[in-house]
Amino acid sequence: MDTLQPLAVSPAECARLLGISRPKVYDLINQGGFPSFKLGSRTLISVDGLREWISSRTEIEVKQ
């Protein structure tokens, strides 16, 4: 049986997944270009967008 995977995660969960602090996640959100969105008063991070963001950051680092 397939289990549902989250489409979006909280900043705290994003921090855990990336191995960084929650304040650093908010810094990334405020810089722009980070795959976050508001749903009511909650800030969420798109899981697919996060994967793409990581991939694009990795490509930038590899090219340098």
Exercise for the section: Identify the residue in segment 14-40 that is closer than 24 Å to Leu4 by Cα and not in a helix (DSSP H, G or I) and, among all such residues, is most open to solvent (accessible area, probe 1.4 Å). Expected result: Lys38
Completion exercise
Apart from one, (1) under 11 Å from the mean Cα position of the chain (by Cα); (2) surrounded by 11 or more Cβ atoms within 10 Å (Cβ to Cβ) all hold for Arg57; the odd one out is (1)
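The values are calculated or read from the model by the stated rules, or taken from the named source; none is laboratory data. Quantities reported herein were computed from a predicted structural model and do not represent experimental measurements. Every residue, glycine among them, receives a Cβ derived from its backbone with ideal geometry; neighbour counts consider all protein chains shown. The area values use the complete protein model at the heavy-atom level, side chains included, leaving out ligands, DNA and RNA. Shrake-Rupley method; radii C 1.70, N 1.55, O 1.52, S 1.80 Å.
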